[in-house]
Each structure stands twice: as C-alpha cells, then as structure tokens.
Amino acid sequence: MLIGVPLETAAGETRVAVTPETAKKLKAQGHTLRIETGAGVAASAPDGAYEAVGAEIVDRAAAYGADLVLKVRSPSAEELALMKPGTTLVGMLNPFDAEGLARLAAAGLTSYALEAAPRTTRAQSMDVLSSQANIAGYKAVMVAADRYQRFFPMLMTAAGTVKAARVVILGVGVAGLQAIATAKRLGAVIEASDVRPSVKEQVESLGGKFIDVPYETAEEKEAAEGVGGYARPMPPSWLERQKLEVAKRVAQADVVISTALIPGRPAPTLVTEEMVRSMKPGSVIVDIAAGRGPGGVGGNCPLTEADRTVVKHGVTLVGETNLPALVAADASALYARNVLDFLKLVVTKEGTLHVPMDDDIVAACLMTQSGQVKRT
Ligand code: NAD
C-alpha cells in the first residue's frame with residue numbers, strides 16, 4: 001500500500017507522524033512510503049534518515065496522493081484539496097471539531113481521530129492523549145523552571161540558604177502526574193488538586209500533598225467519580241469549596257502548573273484574576289489548558305493568553321498550547337509508535353485497508369466514511 005507522510009504546516013507544529021524507526025517497520029511490512037521533503041527535520045529526522053530505511057522523499061502533492069495519509073494534525077483546506085476521495089487519514093483530528101470533521105467527510109475521506117480511542121488496557125499502546133500529555137506535563141515544568149527567577153531545590157550554601165520552590169499542580173491526569181514527578185525530581189515542594197478522589201494516592205506516591213476537598217452530598221460524590229476515567233463538571237457547591245482551598249495554596253505558590261480539562265467542554269476556571277493578584281512577584285503559571293477556557297479565551301486561568309507568555313500583576317503566565325511540539329523528537333517517536341500500533345487494526349495481513357467496526361477502538365476512532373460524519 002502507498003503511505004504518505006506530509007510535513008505538518010500548522011503554526012508551531014514540529015512533530016511528524018512517522019519517524020525513521022516506524023518507517024523501517026512499515027517498509028518491512030511491504031508498504032511503499034512517501035515522505036514529504038523536510039517532514040521530519042524539526043523532529044531531528046532529516047530526509048536522509050528516511051531514505052536510509054527505504055522511504056521515498058517526495059513533494060507535498062505526492063505525499064497527500066497516497067492511499068493512506070498519516071498526519072499529526074488535521075489537514076488544512078489546501079492540503080485536503082490534494083487528497084482523493086477514498087483516501088484513509090489517521091491523525092489527531094479533534095473529534096469535537098464538528099466543522100473540521102464535516103470538511104473531511106465532504107472530501108470523501110475515511111478518517112480516524114486517535115484522540116477518540118477508549119482509555120482501555122488494549123488501547124494503551126495507541127493512546128495519543130497519554131503519550132502527548134505525558135510530554136506536556138514534563139515540558140510545562142521545564143518551561144516554568146526556565147521562567148522562574150529562583151531555584152527549584154532547597155540550597156544550603158556558604159552564602160546562605162535558598163528555600164525550595166512551592167509548586168501547585170491543578171488537575172492530576174497524565175500531564176499532572178508527570179508534572180508532579182518532574183517537579184519533585186527538581187526538588188520542589190508539591191501540592192496538587194483534582195476532582196477525582198482516586199488520584200490522592202497517586203499524588204502521595206509521587207511525593208506530593210493532595211489538596212483534600214471532601215464531598216458533602218451524594219451529587220458531588222457521583223460527579224467526582226467521572227465517566228470512563230474522565231472528569232465530569234462538578235456541582236457549584238464543591239467547586240466553591242475547592243476554589244477556597246486552591247486560593248490559599250496559590251497565594252503561597254511560586255509556580256502553578258494547571259492541566260485541568262473536561263473532554264468536549266471548556267476548561268474549568270481554577271485560578272481567578274484575584275488569585276493571580278495574591279501571588280508573589282516573580283511567580284510563574286504554566287497553563288496547559290491555554291486557549292481552551294470558556295469561549296476559547298484563557299485556560300484554567302482567564303488571564304492566560306494562548307501561545308504567548310505575558311506578565312500580569314507581576315506573575316508570568318505561559319500560554320503555550322502545544323508543549324509536546326517543544327519536545328519534537330520524543331513526542332514524534334511516541335506518537336509515531338501510537339500510529340503504528342493503530343494501523344495493526346485497520347490494515348489486513350495482506351496489506352490492504354479495512355474498517356473492522358466490531359473492534360471498539362476502530363469504531364471509536366472512526367470519524368468519517370463514505371461522505372458521512374460517523375460521530376462527533
Ligand atoms: P484530562 O486531560 O482530560 O484532564 C486532566 C485532569 O484534570 C483530570 O485528572 C481531571 O480529573 C482534572 N480536572 C477536571 N476538572 C477539574 C477541576 N475542576 N479541578 C481539578 N481538576 C480537574 O485527563 P487525562 O490525563 O486524559 O486522564 C483522564 C483519566 O484517564 C485519568 O484517570 C487517567 O488515569 C485515565 N487514563 C487511563 C488510561 C488507560 O487505562 N488506558 C490511559 C490514560 C489515562
């Protein structure tokens with residue numbers, strides 16, 4: 001089968017869907033690989049590395065002209081125009097973007113959004129949300145440490161003692177857990193908050209302190225259990241109490257890393273302008289939810305500006321919306337392995353494409369087929 005791998009053109013996107021490592025494996029399976037010139041350069045994979053494993057380096061039109069196109073982000077209108085009806089597209093296509101999916105359907109593509117894979121054991125090896133959130137959590141701490149004008153670890157020197165940084169992590173999913181682990185390795189003192197009570201143990205096992213906000217009603221307890229491992233919106237009563245607890249910790253924090261998300265909904269506001277005002281000068285907030293706040297404005301903090309670093313009330317707010325792209329080589333390596341694993345489900349042993357709808361992962365990821373949007 002002819003597989004095309006275009007150069008990603010979305011602003012700031014540095015990742016690539018196939019690395020020389022996975023190209024070699026696809027080639028060994030008998031496929032012909034067409035990689036767009038420069039597709040892997042930003043992820044430290046020059047054209048020569050692909051050629052060395054038997055891939056062809058081609059122009060954009062030839063990459064999009066393949067039977068199966070492997071991407072990181074959804075194609076632009078110009079890129080879609082290069083694809084023929086019946087092409088299969090695999091990528092992070094944003095399952096909640098109804099307009100984007102309608103465009104893919106209108107182009108006659110069979111498309112799979114890998115973010116829609118269920119959070120099951122079998123789907124773990126192709127779970128792009130986890131592989132990329134893990135990197136985002138790590139890089140958020142690295143960026144914070146870079147922006148913060150003090151030390152993370154406690155230092156006892158002849159010139160005096162420096163206190164350890166106090167880091168507050170809001171949202172303890174995959175990104176939050178990696179942020180805790182990374183900040184801990186740097187010597188910070190960590191407190192973390194989440195709506196799901198099950199994460200308390202995980203926070204503690206990584207050496208952090210869980211900010212406990214007990215549930216007072218059956219409704220609060222039920223909401224906190226979430227659905228499919230994901231958070232659900234919490235009742236206002238609980239959110240008010242959480243806000244008070246978080247506000248106390250944020251006022252004392254040197255660094256806040258916020259990662260709280262609810263699939264398909266705006267990110268919850270957890271750090272208000274008043275809380276930012278209460279922070280010490282020189283504190284840093286890295287808002288992983290940047291650009292996903294209510295109405296697409298802000299993130300977990302309404303003052304965050306997407307893709308910008310700004311200083312407000314003496315606090316540095318980092319609104320980087322694509323942290324994994326700042327770790328392009330490893331983010332691509334993990335993403336490409338996720339893609340390779342997913343292909344095992346939709347490519348037959350004979351090397352042709354099929355759509356096995358009795359497979360729950362395939363059924364969940366299938367977004368468009370035969371001109372129709374399958375699910376949003
Ligand atoms: P996510 O990116 O959707 O959200 C990040 C975190 O924000 C979540 O922990 C969520 O509970 C939290 N959050 C939402 N609203 C909040 C609020 N108001 N205050 C504080 N925190 C809030 O989450 P994720 O990283 O994708 O992980 C979701 C779940 O899926 C986790 O339980 C994770 O362990 C689980 N998971 C399971 C598998 C698997 O079994 N294969 C794989 C990956 C993740």
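Derivation of every value follows stated rules applied to the coordinates shown; laboratory data play no part. Computed from a prediction, not measured in an experiment: that's the story for all the values here. Note that we place each Cβ from the backbone using ideal geometry, even for glycine, and neighbour counts take in every protein chain shown.
Annotations for the structure displayed:
- Most mobile listed residue (Asp47, Asp127, Asp254) in the chain, GNM with C-alpha springs under 10 Å: Asp47
- Spatial extent of segment 97-138: Rg and Dmax, with the Cα atoms as the point set, Å: 13.3, 38
- Selected from Thr87, Thr121, Thr14 as most flexible by GNM, with the chain as the system and alpha-carbon contacts under 10 Å: Thr121
- Selected from Gly108, Val271, Val362, residue furthest toward positive end of dipole (the chain; charges at beta carbon): Val271
- Within the same chain, lysines fewer than 8 places from Lys248 are excluded, and of the rest, those with a Cα less than 29 Å from its Cα are Lys139, Lys163, Lys184, Lys200, Lys209, Lys221, Lys280, Lys312.
- This model, with +1 at the C-beta of Lys and Arg and -1 at the C-beta of Asp and Glu, gives segment 212-258 a dipole about its Cα centre of some 180 debye.
- Expressed per residue, the C-alpha convex hull volume of segment 1-107 stands at 90 Å³.
- For segment 214-226, 3J(HN,Hα) computed residue by residue from phi via the Karplus equation (6.51, -1.76, 1.60; θ = phi - 60°) reads x, 8, 10, 10, 4, 5, 5, 5, 5, 4, 5, 5, x Hz, glycine and proline entered as x.
- Both radii were evaluated on the Cα set of segment 262-343; the Rg over Rh quotient, with Rh as the Kirkwood radius, amounts to 1.11.
- Note: relative contact order over segment 177-328, using C-alpha pairs below 8 Å and six or more positions apart, is 15 percent.
- The C-alpha atoms of the chain occupy a region whose extents along the principal axes are 63, 54, 34 Å, arranged from largest to smallest.
- Only Cα sites of segment 43-155 enter the Debye sum here, all with the same form factor; the resulting log10 I(q)/I(0) across q = 0.09, 0.15, 0.22 1/Å is -0.38, -0.86, -1.20, listed in q order.
- In terms of its alpha-carbon gyration tensor, segment 216-294 comes out oblate; a/c meets the 1.5 threshold, while b/c is at least as large as a/b.
- Relative compactness, segment 112-176, computed as alpha-carbon Rg over 2.2 N^0.38 Å: 1.63
- Close amide H pairs (under 5 Å, H built 1.01 Å from N) link Met367 with Ser111, Tyr112, Ala113, residues at least 5 positions away or on another chain.
- Dipole magnitude for segment 157-217: about 320 debye, using +1 per Lys or Arg Cβ and -1 per Asp or Glu Cβ, origin at the Cα centre.
- Furthest towards positive pole of dipole, Leu334, Val72, Ala164, structure part the chain, Cβ charges: Ala164
- Under a Gaussian network description of the chain, with springs only between Cα atoms under 10 Å, the residue in Ala77, Ala42, Ala106 that fluctuates furthest is Ala77.
- Mean separation of Cα contacts under 8 Å, 6 or more apart, over the residue count of the chain: relative contact order %: 19 percent
- For segment 130-284, the square roots a ≥ b ≥ c of the C-alpha gyration tensor eigenvalues yield an a/c of 1.5 or more together with a/b exceeding b/c, which makes the shape prolate.
- A helix-only calculation puts the chain at -9500 deg cm²/dmol for mean residue ellipticity at 222 nm, using -39500 (n - 2.57) for each DSSP H run of at least four residues, averaged over all residues.
- Trypsin sites (Lys or Arg not before Pro) lying in DSSP loop within segment 46-125, provided at most 16 other Cβ fall within 10 Å: Arg119, Arg122
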